[in-house]
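Report on the structure given below.
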Amino acid sequence: MKEIGYKNIKSTLGKDVVMIDIRRTDEWAKTGIIPNSIKITFFDEAGNCDTKSWLEKFKKYVKNKEQPFVLICRTANRTKSVGSFLEDQGYKKVYDLKGGITFGYMELGLETQK
């Protein structure tokens, strides 16, 4: 998995790259989301995940294992675990937003979408 800064996403991966926000509903409500990102919660409040159900949702947006995509969480800690999981599933172009939404996006002064 590779880290990528928000300002480099579109120039590196293309304007239509899929960005998946893996945070919980309460986190989305608190900070908002990056416009056009897809919300698919990975971990619940206890840190558990139904990986089979999550992968079914994920595959609706990431159609093949060669398609690049970006994972987003609050500070880029959870995306590392999820990215490793997806690489174990055979996905080749896994990126996480460097610093997460807090440090990699909002600190740049960019607006979120509620």
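The values are calculated or read from the model by the stated rules, or taken from the named source; none is laboratory data. Since the structure is predicted, the reported quantities are computational estimates derived from the model, not experimental observations. Note that each Cβ is placed from the backbone with ideal geometry, even for glycine, and that neighbours are counted across all protein chains shown.
Could you tell me which residue of region 39-89 is surrounded by the fewest Cβ atoms within 10 Å (Cβ to Cβ), considering only residues that are small (Gly, Ala, Ser) and more than 17 Å from Met1 (Cβ to Cβ)?
The extreme case among them is Ala46.
For region 98-114, enumerate the residues that are in a helix (DSSP H, G or I) and hydroxyl-bearing (Ser, Thr, Tyr).
Thr102
Restricting the search to region 35-69, which residues are over 14 Å from the mean Cα position of the chain (by Cα) and not polar (S, T, N, Q)?
The answer is Asp44, Glu45, Ala46, Gly47, Cys49, Asp50, Lys52, Glu56, Lys60, Lys63, Lys65, Glu66.
Ile33: touching a residue at least 12 places away in the same chain (Cβ under 8 Å), surrounded by 15 or more Cβ atoms within 10 Å (Cβ to Cβ) and either touching a Phe, Trp or Tyr at 6+ places or on another chain (Cβ under 6 Å) or polar (S, T, N, Q) (or both), yes or no?
No, not satisfied.
State which residue is surrounded by the fewest Cβ atoms within 10 Å (Cβ to Cβ) when the search covers only region 90-113 and only residues that are over 15 Å from Ile4 (Cβ atoms) and touching a Ser or Thr at 6+ places or on another chain (Cβ under 9 Å).
Per the criteria, the residue is Gln113.
Answer yes or no as to whether Ser11 is at pLDDT below 95 and either out of contact with any helix residue (DSSP H, G or I) (no Cβ under 7 Å at 6 or more places or on another chain) or crowded, with 20+ Cβ neighbours inside 10 Å (or both).
yes
Residue pairs, Cβ under 9 Å, 6 or more apart or interchain, first in region 37-66 and over 16 Å from Glu27 (Cα atoms), second of a type in the set (Lys, Arg) and exposed (fewer than 14 other Cβ atoms within 10 Å of the Cβ). List them.
Short answer, once both residue conditions are applied: Lys65/Lys92; Glu66/Lys92.
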